[in-house]
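Laboratory data are not the source of any read-out in this text; all were calculated from the coordinates shown. In this text, all values refer to a predicted model and were calculated from it rather than measured experimentally. A quick note on method: Cβ atoms are made from the backbone with ideal geometry, for glycine too, and the neighbour counts reach across all protein chains shown.
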Amino acid sequence: MSFQAVSNRIICFVYLACFALLAFACKRGEPPLVIATYDSLAISMSDFERAYFQYWQVVPEKDTPELRKRFIRQMIEQQLIGQAGLRQGMFNEKRINAALQKERDAFVRRRYLEVTVEDTLTAVSEAEIDEALGRQQRQFRVRQVYAASEEGIQKLAKRLENGEDLEALARETMPDEAFAASGGDMGWVGWGDTDPPVEDLLYDLPKNTISKPVASLVGWHIFRIESTRVKMEFNASGHPLFRRDTGHQIFNRRLDMAAADHLREIVWQKELAIRSGLFRPVWDYIEPLLPKSLKERSLKGYQQLEQNLHADLASETLAWVDGQPFTVQEFVNAIPNLPRDQLRPNLKKAIETAIRDKIVTEHALAAGFDKDPVVVEKLDRSRHTYRYYATIAAADSAADRRVNLQQYYKRHSKRYIKNTRSEIEEILVKDRDLALDLAKQIQDGADFADLAEKYSLRRGKPGGKWGFVSDADNPLGKRAAKLRTGNIYAPVETRDGYSVIRVGKQEHDYLPFEELRQRLARDAQRDYYDELHSDLLPAGFDPSRIVYNEEILSKAFTEESTTVY
């Protein structure tokens, strides 16, 4: 069968899938659920869920209805500011559209795969989420040898069976110079850092044992675990958003694995010729700007990739796809969307993936996936975000801003406290109600010291006086450092019982200015941008006119939500 015939069949299938999707939506007859409105502006539940979900993953705040409303208000304010910037011509919309083009391509590819492959996948079970949450607490220090093909990895496996050392073999054979120099050391690896088949192998592999060869989406590997550790950090596994995030990641990884064969078939139908002679100059250009490990994300480096590429190298044809050129510039532009662990072990595979993405994008666009409601809404959110930050940047560049960091440090010194010493008076009792009663007596005029002498279980503290206690040395001092001076606090539960506490004077040690220069510059910039944000809001903006749909808001992130992320 010719490529054209195969291509036509694929496009036909995608059209039918889209038609079925749209027919299903029409059959349901359900308009987008609106979670909040401000005049003529509306925020849908799906738009809110996607944006808030990303926000919640990085902010150290507890998910509450109040936080959700505050975030919705922020979405509305940013949209209003971006619209105002557009009306006033504060930015170049063509530049934003160029950036949106890349996001649109990524969105349509993902949606194409969801519609094409999703029906072949099983839903993620609660048991799978529980297993993943358990795995997230364990990490491994891993060393590997790598080969691009099964034949290549079998040769390496034979050498290991014959007694060769894995580290020495990695130094000899790893195609990436950095990995070769480290003897195949991958650093600490945990859940989500590798493809599922590799992950399953690692979590069952005994320490210091050579694994069997295993395939990933980038090639073939043999591993050895050198040490393990348990992550001692806050575990929010019981939170619905945390569990949803884990389930979402499991499904996406499953989708990627299932889509691999389908995508490979599409690429195989093309006549592909890659110029291997360009590998060295391309690698020499991109390698210094790439992340050095699985954990590192060098966004600045990715931005520099496009900006610093020499015109002569950029215009070189890196590959031909059915006789059409695929340039170095196109490959460099695609790098931010490539799997972050793909470039180092296998540049050829990375180039093939970039070409595959281009082919799939063409299929998806030909099938009309740029009109898919999920894609349209995602792109609209990106457009609002780009316009907002473009407006902020334009206002920033027009402002005459001079920041004196010394003055800023003095004005905001309370942000940079290193240690606090608090003058503490305490009455310790075993009974909670007694602590409350004593606090009331003191507020009514009773003498703190007299009550301490009569009731306090803390011996050796005449009149309940501790003197000055540092938050660096004592749990009570740490608690007192967060309290306001002069006030009575009770009952304060401690390991010894219940305390009535009064905080007197407080003395602070501050972090030295010289150690804070970079942090001060970031904080000053953030405060400045907050001021710009407030100044750029339309004069008539009134947050009391935001109407929240409480019923819809309560359904967000529950089983009733049908948002496609």
Roughly speaking, what is the stretch gain from Ser40 to Arg280, that is 0.36 nm per residue apart minus the C-alpha to C-alpha distance, in nm to one decimal? 80.9 nm
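At 0.36 nm per residue, minus the direct Cα-Cα distance, what do Asp527 and Glu515 gain on full extension? Give it in nm, one decimal, please.
On the way: separation 12, 0.36 × 12 = 4.32 nm, distance 1.97 nm.
Between Asp527 and Glu515, full extension yields 2.3 nm more.
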Name the long-range amide H neighbours of Ile35: under 5 Å, sequence gap of 5 or more, or other chain; modelled H, no Pro or chain starts. Ile43, Ser44, Met45
Show me, bin by bin at 10 Å from 0, the whole-percent P(r) of the chain based on Cα pairs. 3, 12, 18, 22, 20, 13, 7, 3, 1, 0
I need the helices of the chain that pass two filters: whole DSSP H segments spanning 15 Å or more by Cα along the axis, and mean Kyte-Doolittle score no lower than -1.0. 3-28, 45-58, 65-87, 93-117, 240-268, 347-366, 373-398, 432-443
Estimated 222 nm signal from helices in the chain, with DSSP H stretches of n ≥ 4 weighted -39500 (n - 2.57), rounded to 500: -16500 deg cm²/dmol
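Defining a contact as two alpha carbons under 8 Å apart and six or more residues distant in sequence, what relative contact order in percent does the stretch 413-510 show? Walk me through the intermediate numbers first.
Numbers: 193 pairs, mean separation 44.1, N = 98.
Computed over the stretch 413-510, the figure is 45 percent.
Can you classify the stretch 337-444 as rounded, prolate or oblate using the Cα gyration tensor, where a ≥ b ≥ c are the square roots of its eigenvalues, rounded means a/c under 1.5, and otherwise it's prolate if a/b beats b/c and oblate if not?
prolate
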Quote the FRET efficiency, to the nearest 0.05, computed for Gln57 versus Asn97 with a Förster distance R0 of 30 Å and r equal to the Cβ-Cβ distance. 0.60
Distance between modelled label sites at Ala393 and Leu289, nm, 7 Å Cα→Cβ extension: 1.6
Given charges at beta-carbon only (K, R positive; D, E negative), |dipole| of the stretch 413-510 in Debye: 420
Going by a ≥ b ≥ c, the root eigenvalues of the Cα gyration tensor, does the stretch 413-510 fall in the rounded group (a/c under 1.5), the prolate group (a/b larger than b/c) or the oblate group? prolate
Treating the beta-carbon of each Lys and Arg as +1 and of each Asp and Glu as -1, no other charges, what is the dipole magnitude of the chain about its Cα centre, to the nearest 20 debye? 1040
Hey, which lysines would be in cross-link range of Lys461, C-alpha to C-alpha under 20 Å, not counting anything within fewer than 8 residues on its own chain? Lys430, Lys478, Lys505
Please compute the modelled spin-label separation between Phe468 and Arg70, points set 7 Å along Cα→Cβ, answer in nm with one decimal. 3.4
Relative contact order [Cα under 8 Å, 6+ residues apart], the stretch 156-262, whole percent: 16
What is the extension gain from Asn208 to Asp535, computed as 0.36 nm multiplied by their sequence separation minus the C-alpha to C-alpha distance, in nm to one decimal? 111.7 nm
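Could you order the peptides 98-109, 199-210 from most to least packed, using the average number of other C-beta atoms within 10 Å per residue? The partial results should precede the final answer.
Numbers: 98-109: 17.8, 199-210: 13.8.
The peptides rank, most packed first, as 98-109, 199-210.
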Lys378: which lysines have alpha carbons under 22 Å from its alpha carbon, excluding same-chain residues fewer than 8 sequence positions away? Lys69, Lys94, Lys102, Lys358, Lys555
State, to one decimal in nm, how far the label point of Asp542 lies from the label point of Lys158, with both points 7 Å from Cα in the Cβ direction. 8.2
